[in-house]
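Shown next, in structure tokens, is the structure this report addresses.
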């Protein structure tokens with residue numbers, strides 16, 4: 001019950017915060033694309049939360065822990081937070097003043113890709129029981145090198161890039177896309193720092209890097 005309360009509290013706080021960041025600058029709750037993103041973002045999140053609660057509460061607790069201890073990662077988290085705030089504010093203001101003229105088909109395609117990315121994210125969580133929101137090596141942790149981890153070394157980051165770049169398109173805002181466009185740079189900083197830690201502290205990770213050459217995009221990088 002304590003874990004359920006903690007998870008629901010964080011879920012509701014996130015829901016309210018994102019709602020305020022989108023609809024307050026928009027100046028109205030009649031921002032259809034705003035509601036679309038809210039549904040696409042928080043609907044699957046709620047379902048996934050209850051699945052983890054009943055099937056793997058230990059994994060859910062790890063997902064709720066977002067307190068980074070390393071200085072570089074703290075900076076990355078702070079920068080990501082600023083990006084989200086600025087991006088949602090830009091989308092709301094964009095809607096209020098009608099800056100963007102985005103075709104509906106772009107929003108539809110972005111919504112489909114967003115849900116597809118959510119599905120891939122769920123697969124990454126299924127494959128890697130050690131996956132957490134903070135950079136650390138757990139006792140007894142082993143290298144996962146199958147499934148998506150056999151294609152790129154950081155499938156979670158690859159999927160989140162797709163997720164977050166689709167958000168401004170779902171919101172119908174080209175200007176918000178410019179803001180969210182810094183996210184891949186943030187991820188590159190995060191994963192390079194993470195790989196230093198994993199290479200040093202996780203047995204077999206050096207060999208894994210030789211086996212799986214690409215970090216985020218197959219045949220590219």
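Quick one: is residue 87 assigned to a helix (DSSP H, G or I), at pLDDT 95 or above and touching a helix residue (DSSP H, G or I) at 6+ places or on another chain (Cβ under 7 Å)?
yes
Looking only at residues in region 195-207 that are under 24 Å from the mean Cα position of the chain (by Cα) and in contact (Cβ under 8 Å) with a residue 40 or more places away in the chain, which one is farthest from residue 150 (Cα to Cα)?
Per the stated criteria, the residue is 197.
Out of the residues in region 90-105 meeting the condition of being in contact (Cβ under 8 Å) with a residue 60 or more places away in the chain and assigned to a helix (DSSP H, G or I), tell me which one is farthest from the chain's Cα centre (by Cα).
Within region 90-105, the match that is farthest from the chain's Cα centre (by Cα) is 96.
Give region 1-55 a look and list any residue that's assigned to a loop (DSSP other than H, G, I, E, B), modelled with pLDDT of 90 or more and exposed (fewer than 15 other Cβ atoms within 10 Å of the Cβ), or say none.
27, 28, 29, 30, listed by residue number.
Right, residue 108: assigned to a helix (DSSP H, G or I) and modelled with pLDDT of 95 or more or not?
Yes, satisfied.
Would you please list the contacts, defined by Cβ atoms under 9 Å and residues six or more apart or on different chains, that run from a residue in region 176-190 that is surrounded by fewer than 19 Cβ atoms within 10 Å (Cβ to Cβ) to a residue that is not in a helix (DSSP H, G or I)?
184/216; 188/215; 188/216; 188/221
Looking only at residues in region 142-160 that are crowded, with 18+ Cβ neighbours inside 10 Å and in contact (Cβ under 8 Å) with a residue 60 or more places away in the chain, which one is nearest to the chain's Cα centre (by Cα)?
Ranking the candidates gives 154 first.
Which one of 163, 131, 82 is surrounded by fewer than 18 Cβ atoms within 10 Å (Cβ to Cβ) and modelled with pLDDT of 90 or more?
Residue meeting the stated conditions: 82.
The values are calculated or read from the model by the stated rules, or taken from the named source; none is laboratory data. Remember, predicted model here, so these are calculated numbers, not experimental data. Quick reminder, even Gly has a Cβ in these numbers, built from the backbone with ideal geometry, and neighbours come from all protein chains shown.
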